[in-house]
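K.L.:
Before I ask anything, here is the structure I am working with.
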Amino acid sequence: MEIDVFKDRFFEMEMEADLFFCCSLRQRSLWDIARFDLFLSLFDHLIQPQAVPLSSHAAAPSSLSQKLLKFADKIRGSIVNFVRLATLGRGDFLLFSHRRFLDEAGTPVDFSSADTERFLRSQGSVTRVESKLIRDQTLNFTSLFSIASRIWRLSSYERKQLEAFASRVENAQLGFFGTSDPAIRRLLFAEYHKFKVESRLWYAILKRARPRLAFMTQNGIQKGLLHAARALSIPVVECQHGVINLMHPAYSYPAQLLTGDHLLLPDVILLFSKYWERQCCLPGTEKVVVGNSHFHYAGPPSSREGPAIFIDADPLHGYLGPLARDVASALPERRFVLKIHPAQFPHQPEIAEDFAGLANVEVVGPEKNMAELLCTASDAIIIQSTASYEALDRTVPVHVFARDGYRSHKDLFANPNVHVFGGAEELQTALFKPLQPTESNEKFFQVFTPAGLSRYLSNSR
């Protein structure tokens, strides 16, 4: 089942089975809390056995001493961050960032929110909360969660309610798909527990910081942050992080669904360009176009003198890795780059070793960003990636491998420079071809202009 067909049936199921409204726990809509993971898990279950395997590059087993040192370091980090929480002062704005990339200086950066953060600092004080385990003076949410999740457990009442809801979801899936996901209960328990812990932590953080507005990068579904902010009447603004489209369950809800307590969504989402206004359906969320200075490109088109770039993703490396090997072996006179996803950075040496016998393949991690690579790229090969839009803004043809949820990019399929292919031989014949003429001049990324954000800040005073 293709993801667009699946999405339509999933929406029909959740509306007809009344899943948004049928069960709440302590005034919290269980369906919206777990919906994102239940959507993805059921889709993976339905496309088995074609589903992509997880990366084969596993971390080497740690010795007992290494495990003890790691545990001690985690405890020490948690204590430091709970002290930071206890001494947290007030700020005009709170920013929850996800610094998963490196800038030109090798410093961790969140390209999604960097423009917004600079602008906010010109308007007042900013309290930063970091999601990744980066050692600096920033309050680290992951470190707080690591300990708190072991302390705050689910009650017997909550478990009973979750069991009843799991049966309701199971019956709905059987009725609409003829099968049910065996992971329903595990996901419901895990997501509600995560939500419960995150809600408490965010309530404590927001209660101390008391910002006028909270900003976040959506690195996962931040329902706990949204719930705590709503309880404290603090508006939440999301910075677009990458692809948001009507196949993405975090940004696509049934069109007939109205806003209300059954939904936990940001008050505002800051978009890369007007194009993305049509690519998401978030009931009650205001869409404000601000652009992004990192993704925006106003230079000349790609020279196309460079290599074809395989834009890898985790866990889709199980598809693109073998494909890159097959195509590069068949075309030894051509150059190729395998640009790995940030989630694969720890495994870059092992991945490079896999391609050691192919002199025409370069494995690239954080040392080169996508903008650098696309300046000379001949072609871009993807399954699902924000880089497909970056490539088209630079007039680089995009080739979409028909695997997994590739049809999430079907908004691009009408573009004559976007080619959907099924295997290595088909891709080989399509690479390194001249550009096709196109009438559309639409850009996916505009330059950052804070006018829309400035108006929102003025209205929120």
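The values are calculated or read from the model by the stated rules, or taken from the named source; none is laboratory data. Note that this is a predicted model, so its numbers are computed, not measured. Neighbour counts run over all protein chains shown; Cβ positions are idealised from the backbone, glycine included.
K.L.:
Kindly evaluate ARG9 against the criterion of being closer than 25 Å to PHE401 by Cα and either surrounded by fewer than 18 Cβ atoms within 10 Å (Cβ to Cβ) or at pLDDT below 95 (or both). If you could, list the steps in order and put the result at the bottom.
P.N.:
Working: closer than 25 Å to PHE401 by Cα: yes; either surrounded by fewer than 18 Cβ atoms within 10 Å (Cβ to Cβ) or at pLDDT below 95 (or both): yes.
Yes; evaluated as a whole, the condition is true for this residue.
K.L.:
Test ILE151 against the stated conditions and say whether it is more than 27 Å from PRO342 (Cβ to Cβ), over 22 Å from the mean Cα position of the chain (by Cα) and among the aliphatic types (A, V, I, L, M). I'd like the intermediate steps shown before the answer.
P.N.:
Numbers: more than 27 Å from PRO342 (Cβ to Cβ): yes; over 22 Å from the mean Cα position of the chain (by Cα): yes; among the aliphatic types (A, V, I, L, M): yes.
In short, yes.
K.L.:
Being in a loop (DSSP other than H, G, I, E, B), among the aliphatic types (A, V, I, L, M) and touching a helix residue (DSSP H, G or I) at 6+ places or on another chain (Cβ under 7 Å) is the filter here; which residues of the range 71-112 pass it? Reasoning before the result, please.
P.N.:
Here is the first cut: in the range 71-112, the ones in a loop (DSSP other than H, G, I, E, B) are 87-92, 98-100, 103-107, 110-112.
Within this subset, residues satisfying the condition of being among the aliphatic types (A, V, I, L, M) are 88, 105.
LEU88 - this is the single residue of the range 71-112 that is in a loop (DSSP other than H, G, I, E, B), among the aliphatic types (A, V, I, L, M) and touching a helix residue (DSSP H, G or I) at 6+ places or on another chain (Cβ under 7 Å).
K.L.:
Residue under question is GLY291, and the condition is that it be surrounded by fewer than 20 Cβ atoms within 10 Å (Cβ to Cβ), out of contact with any Asp or Glu (no Cβ under 7 Å at 6 or more places or on another chain) and either in a loop (DSSP other than H, G, I, E, B) or among the charged types (D, E, K, R) (or both); does it hold? Quick ask: steps written out before the conclusion?
P.N.:
Details: surrounded by fewer than 20 Cβ atoms within 10 Å (Cβ to Cβ): no; out of contact with any Asp or Glu (no Cβ under 7 Å at 6 or more places or on another chain): yes; either in a loop (DSSP other than H, G, I, E, B) or among the charged types (D, E, K, R) (or both): yes.
The answer is no for GLY291.
K.L.:
Looking for something surrounded by fewer than 18 Cβ atoms within 10 Å (Cβ to Cβ), at pLDDT below 95 and over 30 Å from PRO322 (Cα atoms) - is there at least one such residue anywhere in the range 30-53?
P.N.:
No, the range 30-53 contains no residue that is surrounded by fewer than 18 Cβ atoms within 10 Å (Cβ to Cβ), at pLDDT below 95 and over 30 Å from PRO322 (Cα atoms).
K.L.:
Residue check, ILE134 against (1) outside the structural domain of TRP31 (by TED's automatic domain parsing); (2) within 18 Å of TYR203 (Cβ to Cβ), all met but one. Which one?
P.N.:
Among (1) outside the structural domain of TRP31 (by TED's automatic domain parsing); (2) within 18 Å of TYR203 (Cβ to Cβ), ILE134 violates only (2).
K.L.:
Further question: What strands (runs of 3 or more DSSP E) completely inside the range 357-461 contain at least 3 residues that are in contact (Cβ under 8 Å) with a residue 24 or more places away in the chain? Step through it out loud before you land on a result.
P.N.:
On the way: elements: 361-364, 379-382, 398-401, 418-421.
Correct list: 361-364, 379-382.
K.L.:
Please determine whether any residue of the range 71-80 is under 24 Å from LEU226 (Cα atoms) and modelled with pLDDT of 90 or more. Explain how you work it out, then say what you get.
P.N.:
First pass over the range 71-80, keeping only residues under 24 Å from LEU226 (Cα atoms): 78.
Applying the additional criterion that residues be modelled with pLDDT of 90 or more yields none.
There is no residue in the range 71-80 that is under 24 Å from LEU226 (Cα atoms) and modelled with pLDDT of 90 or more.
K.L.:
Filtering the range 148-172 down to residues that are aromatic (Phe, Trp, Tyr) and assigned to a helix (DSSP H, G or I), which residue is surrounded by the fewest Cβ atoms within 10 Å (Cβ to Cβ)? Lay out the reasoning, then the answer.
P.N.:
Of the range 148-172, the ones aromatic (Phe, Trp, Tyr) are 152, 157, 165.
Those left that are additionally assigned to a helix (DSSP H, G or I): 157, 165.
Values: TYR157: 10, PHE165: 22.
Once the filter is applied, the top-ranked residue is TYR157.
K.L.:
Given the criterion surrounded by fewer than 19 Cβ atoms within 10 Å (Cβ to Cβ) and under 25 Å from the mean Cα position of the chain (by Cα), identify the matching residue among ALA371, ALA387. Before the answer, list the steps.
P.N.:
On the way: ALA387 fails: surrounded by fewer than 19 Cβ atoms within 10 Å (Cβ to Cβ).
After ruling out the rest, the residue left standing is ALA371.
K.L.:
Could you please find all residues in the range 173-187 being within 26 Å of the chain's Cα centre (by Cα) and in a loop (DSSP other than H, G, I, E, B)? Full working, then the answer.
P.N.:
Initial filter on the range 173-187 (within 26 Å of the chain's Cα centre (by Cα)): 173, 180-187.
SER180, ASP181, PRO182, ALA183, listed by residue number.
Yes/no per residue for (1) without any contact (Cβ under 8 Å) to a residue 12 or more places away in the chain; (2) in a helix (DSSP H, G or I); (3) in contact with a Cys (Cβ under 7 Å, 6 or more places away or on another chain); (4) aromatic (Phe, Trp, Tyr):
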{"residue": "PHE295", "(1), (2), (3), (4)": "no, no, no, yes"}
{"residue": "LEU320", "(1), (2), (3), (4)": "no, yes, no, no"}
{"residue": "LEU323", "(1), (2), (3), (4)": "no, yes, no, no"}
{"residue": "LEU338", "(1), (2), (3), (4)": "no, no, no, no"}
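K.L.:
What is the one condition in (1) more than 21 Å from PRO450 (Cα to Cα); (2) touching a helix residue (DSSP H, G or I) at 6+ places or on another chain (Cβ under 9 Å); (3) of a type in the set (Phe, Trp, Tyr) that PHE119 does not satisfy?
P.N.:
Every listed condition holds for PHE119 apart from (1).
K.L.:
Return the residues of the range 132-147 that are surrounded by 15 or more Cβ atoms within 10 Å (Cβ to Cβ) and among the basic types (Lys, Arg); say none if nothing qualifies.
P.N.:
The one that is surrounded by 15 or more Cβ atoms within 10 Å (Cβ to Cβ) and among the basic types (Lys, Arg): LYS132.
K.L.:
From the residues in the range 336-360 that are crowded, with 17+ Cβ neighbours inside 10 Å and more than 24 Å from the chain's Cα centre (by Cα), which one is farthest from THR376 (Cα to Cα)?
P.N.:
ASP354
K.L.:
Of the conditions (1) under 20 Å from ALA34 (Cα atoms); (2) in contact with a strand residue (DSSP E or B) (Cβ under 7 Å, 6 or more places away or on another chain); (3) free of Cβ contacts under 8 Å to residues at least 60 places away in the same chain, MET216 fails just one. Which one is it?
P.N.:
So MET216 meets the others, but not (3).
K.L.:
Turning to a different aspect of this structure: State whether the residues of the range 266-279 include one that is of a type in the set (Ser, Thr, Tyr), more than 15 Å from PHE93 (Cβ to Cβ), outside any loop (DSSP other than H, G, I, E, B) and touching a residue at least 12 places away in the same chain (Cβ under 8 Å).
P.N.:
Keep residues of the range 266-279 that are of a type in the set (Ser, Thr, Tyr), which gives 273, 275.
Pick out the ones that are also more than 15 Å from PHE93 (Cβ to Cβ) and you get 273, 275.
With the extra rule that they be outside any loop (DSSP other than H, G, I, E, B), the set shrinks to 275.
Okay, now just the ones that are also touching a residue at least 12 places away in the same chain (Cβ under 8 Å), so 275.
For the range 266-279, residues of a type in the set (Ser, Thr, Tyr), more than 15 Å from PHE93 (Cβ to Cβ), outside any loop (DSSP other than H, G, I, E, B) and touching a residue at least 12 places away in the same chain (Cβ under 8 Å): present.
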